[in-house]
Amino acid sequence: MSAAASIHARIRVAHPGFTLDVDLALPGRGVTALFGHSGSGKTTCLRAFAGLEPAASGFLSVNGETWLDSGRRHRVPVHRRALGYVFQEASLFPHLSVYQNLEYGRRRRPPAPAAPSADIADLTGLLGIGHLLDRRPQTLSGGERQRVAIARALLASPRLLLMDEPLAALDHARKAEILPYLERLRDALDIPVIYVSHSPDEVIRLADHLVLLSGGRVAASGPLASTLARLDLPPGFFDDASVVIDGTVVAHDPDYHFSTVAFPGGELRITRPSPDVPGRALRIRIKAGDVSLALQPPDGTTIANSLPARIVEQIPAADPGHVLLSLDLGAGTRLSARITRHSRDRLGLAPGRQVWAQVKAVAVLV
Ligand SMILES: Nc1ncnc2c1ncn2[C@@H]1O[C@H](COP(=O)(O)OP(=O)(O)OP(=O)(O)O)[C@@H](O)[C@H]1O
């Protein structure tokens with residue numbers, strides 16, 4: 001990560017009874033998820049990035065532009081920070097059409113924007129709102145309103161997009177409808193997005209980088225895959241230890257609805273409801289409880305995936321009868337496994353040992 005193409009934030013905000021104190025180095029593009037329980041300081045952190053927390057002190061630079069440097073008494077006011085802010089409830093102007101709302105966003109663009117600017121046609125295409133341009137916000141579904149709010153924020157050519165629980169007000173069906181648009185956006189945008197959520201599924205599906213916040217402090221921060229694969233992740237964030245693997249479909253058997261997904265270090269075969277196109281990128285989540293281990297290549301099993309692996313780390317699990325193991329599948333790809341202490345001792349499993357990891361269930365996230 002070059003110093004110019006990234007976000008550096010060393011920020012402290014002291015409220016009566018709560019202090020946010022974070023030191024973060026974040027990537028200059030892609031989605032960073034700020035994840036944590038209610039009251040952990042996620043919104044306070046976003047507000048400090050936006051310049052909305054008068055009590056914030058410290059240092060903040062976004063892709064080479066310094067927005068806060070208390071030591072030098074430098075503080076860029078909120079209206080001079082080129083950022084987009086999308087809230088839980090889309091705050092569109094009710095008396096304006098969708099197109100006029102988008103125009104409002106475009107008028108907020110600085111005369112010489114730092115980043116290449118998307119136009120209304122690009123963004124309406126990307127977010128699937130081209131057919132809504134003449135409508136008033138109150139005639140739109142919650143998901144449609146959010147997509148318009150995101151497009152409006154991006155039309156101002158921000159250097160940074162802040163999203164505070166943008167899906168929290170939507171029901172399950174509307175969330176499922178909007179997520180693919182957010183994925184397209186993530187892949188198309190050249191600016192960093194900081195995405196606040198307390199939904200593990202959303203975070204695991206969308207994020208490139210993960211920040212765990214607890215009591216106003218950073219409990220962990222790093223690339224999504226390597227951070228999730230850490231066995232020492234603080235408890236209470238996710239229901240189960242798991243890994244995510246970004247793979248590519250390399251073959252599809254339409255008869256058995258079977259896709260072969262390649263990733264650095266191996267391949268997985270997964271059953272798919274509809275045909276897959278080779279070349280398609282898939283993000284896969286495997287929970288530690290869905291991985292069992294064998295010393296020999298398993299024979300006569302219904303489990304489709306048995307992967308050669310090497311145990312690299314072992315720690316006690318939260319419950320005393322189990323241990324968590326981290327396995328290297330090759331090329332740096334990790335798998336976590338939760339097994340009983342009894343099985344570990346019976347098979348003599350320890351770091352360095354070669355095993356076969358049997359994957360009982362795979363969740364395809366994208
Ligand atoms: N202006 C303020 N004055 C005093 N306390 C504040 C202020 N703003 C936030 N807090 C407190 O700071 C803590 C963190 O709040 P924040 O909204 O950042 O948490 P969060 O992680 O976003 O929570 P949620 O998921 O519920 O939105 C809370 O205890 C909140 O009451």
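The values are calculated or read from the model by the stated rules, or taken from the named source; none is laboratory data. The model shown is predicted, which means the values in this text are computed figures rather than measured ones. Glycine gets a Cβ as well: all are built from the backbone with ideal geometry, and neighbour counts include every protein chain shown.
Of Pro298, Pro223, which residue is at pLDDT below 95 and at negative phi?
On the way: Pro223 fails: at pLDDT below 95.
It is Pro298.
Answer yes if at least one residue in the stretch 221-237 is within 30 Å of Pro16 (Cβ to Cβ), within 23 Å of the chain's Cα centre (by Cα) and in the same structural domain as Thr44 (by the TED database), and no otherwise.
yes
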Give the residue, chosen from Tyr99, Tyr85, that is hydroxyl-bearing (Ser, Thr, Tyr), touching a Leu at 6+ places or on another chain (Cβ under 6 Å), farther than 29 Å from Pro235 by Cα and in contact (Cβ under 8 Å) with a residue 60 or more places away in the chain.
Tyr85
Which condition number in (1) at pLDDT below 90; (2) part of a loop (DSSP other than H, G, I, E, B) is the one that Arg135 fails?
(1)
Got a sec? Which of Arg135, Arg186 is within 24 Å of Val244 (Cβ to Cβ), in contact (Cβ under 8 Å) with a residue 12 or more places away in the chain, surrounded by fewer than 22 Cβ atoms within 10 Å (Cβ to Cβ) and away from the ligand (no atom under 16 Å from the Cβ)?
Arg186
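Which residue, of Gly128, Gly143, is in contact (Cβ under 8 Å) with a residue 24 or more places away in the chain and touching an Asp or Glu at 6+ places or on another chain (Cβ under 6 Å)? Quick ask: steps written out before the conclusion?
Values: Gly128 fails: touching an Asp or Glu at 6+ places or on another chain (Cβ under 6 Å).
Within the list Gly128, Gly143, the selection yields Gly143.
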For the stretch 50-72, does any single residue satisfy the condition of being within 16 Å of the ligand (Cβ to nearest atom), in a loop (DSSP other than H, G, I, E, B) and of a type in the set (S, T, N, Q)?
no
May I ask you to list the residues in the stretch 184-230 that are assigned to a helix (DSSP H, G or I), touching a Leu at 6+ places or on another chain (Cβ under 7 Å) and of a type in the set (D, E, K, R)?
Arg184, Arg186, Glu202, Arg205
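So that you can scan it fast, the table gives a plain yes or no per residue for (1) acidic (Asp, Glu); (2) out of contact with any helix residue (DSSP H, G or I) (no Cβ under 6 Å at 6 or more places or on another chain):
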residue	(1), (2)
Asp122	yes, yes
Gln138	no, yes
Arg152	no, no
Ser157	no, yes
Quick count over the stretch 228-260, residues being over 15 Å from Ala317 (Cα atoms) and of a type in the set (Phe, Trp, Tyr), is 2
Just to be sure, is Arg12 within 16 Å of the ligand (Cβ to nearest atom), of a type in the set (D, E, K, R) and farther than 23 Å from Ser197 by Cβ?
yes
Options Ser259, Ser226; residue that is among the polar types (S, T, N, Q), crowded, with 21+ Cβ neighbours inside 10 Å and more than 16 Å from the ligand (Cβ to nearest atom):
Ser259
